[in-house]
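*Asks:* Let me give you the structure first, and then I'll get to my questions.
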Amino acid sequence: MIRRFVVAICALSSLGLAADTASAQQPKGTSVAIKGKVAQVVPQGILVDGDDNKKYAIGLNPKSKVTMAGTAGADYLAPGMFVQFEVELDATGKPSKEVAKLSITEQSAINQPGVFSTAGPDAKPGAAGMYLVRGNVRANKGGTLTVAAGSKPLTVTVSGAMSIPVSNSNWQLAQPGDSISGDAQAFAQPNSPVTPALAERIEIKAVMPIQKKKGR
């Protein structure tokens, strides 16, 4: 059964490539609303058990709009990610408490890396207190996180119970049991137990903490 699913998705990959060629004649599909649970994630796409009791082989191409949303633990953080959190620093600039909350964000003109006092205009340089930290992750190991947030890297201890909001377009982070919904073009095949479909817009909601893929 799984082999049939993979073959169906591979066929959709060919359709997606053909669609990008001006002279190609892409077969027309039927618009379908996808709603169900992720059965399996394979390199070629997503296998779905639909709420309509149908099985779908969802293929994706560069035009597919995907949202993968959920939460992750501290072990999800990888070098290069731009993060933001608040931490209490002592008078020497060292963390005096662990970090309980953290978010993954993007660097921008108004979201620059650095260590900023949350005391506002009344803040005294170098004073102990709560600080906002933004920067790129350098290392994440053994419950400690090192971030390049200014002239010197800052290493903090992170809570083992940390829950980090995650939202991106990486559908390969999905796991069996995650909910999936959206719109696609279906290409039903006679006497086939699975309906191939090319995703247009897909939203995946993780029911368990999102896990970092091995080798990434």
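Rule-based calculations on the coordinates, nothing more; no lab input. Just so you know, these numbers come straight off a predicted model, no measurement behind them. Quick reminder, even Gly has a Cβ in these numbers, built from the backbone with ideal geometry, and neighbours come from all protein chains shown.
*Asks:* When Lys and Arg each count +1 and Asp and Glu each count -1, what net charge do the other residues less than 14 Å away from residue 148, Cβ to Cβ, add up to?
*Replies:* Result for the neighbourhood of residue 148: +3.
*Asks:* Give the order of 187, 82 when sorted by the count of other beta carbons within 10 angstrom, beginning with the fewest.
*Replies:* 82, 187
*Asks:* Here is a further query. With θ taken as phi - 60° and the coefficients 6.51, -1.76 and 1.60, list the Karplus ³J(HN,Hα) couplings across segment 83-90 in order, rounded to whole Hz; mark glycine and proline as x.
*Replies:* So the J values, rounded to whole Hz, are 10, 9, 7, 10, 8, 8, 10, 8.
*Asks:* Could I ask something else about it? Please list, ordered by chain and number, the residues whose modelled amide H lies under 5 Å from the amide H of residue 195; skip anything fewer than 5 residues away on the same chain.
*Replies:* 55, 56, 57
*Asks:* Related question: Share of Cα-Cα pairs in the chain beyond 32 Å, in percent?
*Replies:* Here the long-distance tail beyond 32 Å is 37 percent of all Cα pairs in the chain.
*Asks:* Go through segment 99-116 residue by residue and turn each phi into a ³J(HN,Hα) via Karplus (6.51, -1.76, 1.60, θ = phi - 60°); whole Hz please, and just put x for glycine and proline.
*Replies:* Karplus values, whole Hz, x for Gly and Pro: 8, 9, 10, 7, 10, 8, 9, 10, 6, 8, 4, 10, 10, 8, x, x, 10, 10.
*Asks:* Another question about this same structure. About the Cα centre, and with charges only on the beta carbon of Lys, Arg (+1) and Asp, Glu (-1), how big is the dipole of segment 74-162? Nearest 20 debye, please.
*Replies:* 200 debye
*Asks:* While we're here: Defining a contact as two alpha carbons under 8 Å apart and six or more residues distant in sequence, what relative contact order in percent does segment 133-186 show?
*Replies:* 20 percent
*Asks:* Whose amide H sits under 5 Å from the amide H of residue 107, counting only residues 5 or more places off or on another chain, with H placed in the peptide plane?
*Replies:* Excluding prolines and chain starts, which carry no amide H, there are no hits.
*Asks:* Mind checking which of 100, 83, 150 is farthest towards the positive end of segment 74-162's charge dipole, using Cβ charges of +1 (Lys, Arg) and -1 (Asp, Glu) about the Cα centre?
*Replies:* Towards the positive end, the residue furthest out is 150.
*Asks:* Restricting attention to segment 77-184, which GluC sites (Glu not before Pro) occupy a DSSP loop and are surrounded by at most 14 other Cβ atoms within 10 Å?
*Replies:* 106
*Asks:* Here is a further query. Excluding same-chain residues fewer than 8 positions from residue 205, which aspartates and glutamates have a Cα within less than 14 Å of its Cα?
*Replies:* 178
*Asks:* Which cross-chain or sequence-distant (5 or more) residues have an amide H under 5 Å from the amide H of residue 117, H modelled 1.01 Å from N in plane?
*Replies:* Sorted by chain and number, the residues that satisfy this are 132.
*Asks:* How would you rank 108, 169, going from fewest to most other Cβ atoms within 10 Å of each one's own Cβ?
*Replies:* 108, 169
*Asks:* On alpha-carbon atoms, Rg over Rh for segment 127-216 using Kirkwood Rh?
*Replies:* With Rh from the inverse mean 1/r over Cα pairs, Rg/Rh is 1.17.
*Asks:* Take the alpha-carbon centre of segment 162-204, take the same for segment 41-96, and report the distance between them in whole Å.
*Replies:* 14 Å
*Asks:* Springs between alpha-carbon atoms under 10 Å, Gaussian network over the chain: tell me which of 195, 146, 118 tops the mean-square fluctuations.
*Replies:* With Cα springs under 10 Å in the chain, the top fluctuation among 195, 146, 118 is at 118.
*Asks:* From the Cα gyration tensor of segment 74-162, with a ≥ b ≥ c the square roots of its eigenvalues, which class applies: rounded if a/c is under 1.5, or else prolate if a/b is larger than b/c, or else oblate?
*Replies:* It comes out oblate by the Cα gyration axes.
*Asks:* Mind putting a number on the dipole of the chain about its Cα centre? Charges go on the C-beta only, +1 for Lys and Arg and -1 for Asp and Glu, and I need it in Debye to the nearest 20.
*Replies:* I would put it at about 500 debye.
*Asks:* List 31, 159 from most exposed to least, where exposure is judged by having the fewest other Cβ atoms within 10 Å.
*Replies:* So the ranking, lowest neighbour count to highest, is 31, 159.
*Asks:* State the extension gain, in nm to one decimal, for the chain segment bounded by residue 168 and residue 42, taking 0.36 nm per residue of separation less the distance between their alpha-carbons.
*Replies:* Computed gain between residue 168 and residue 42 is 43.5 nm.
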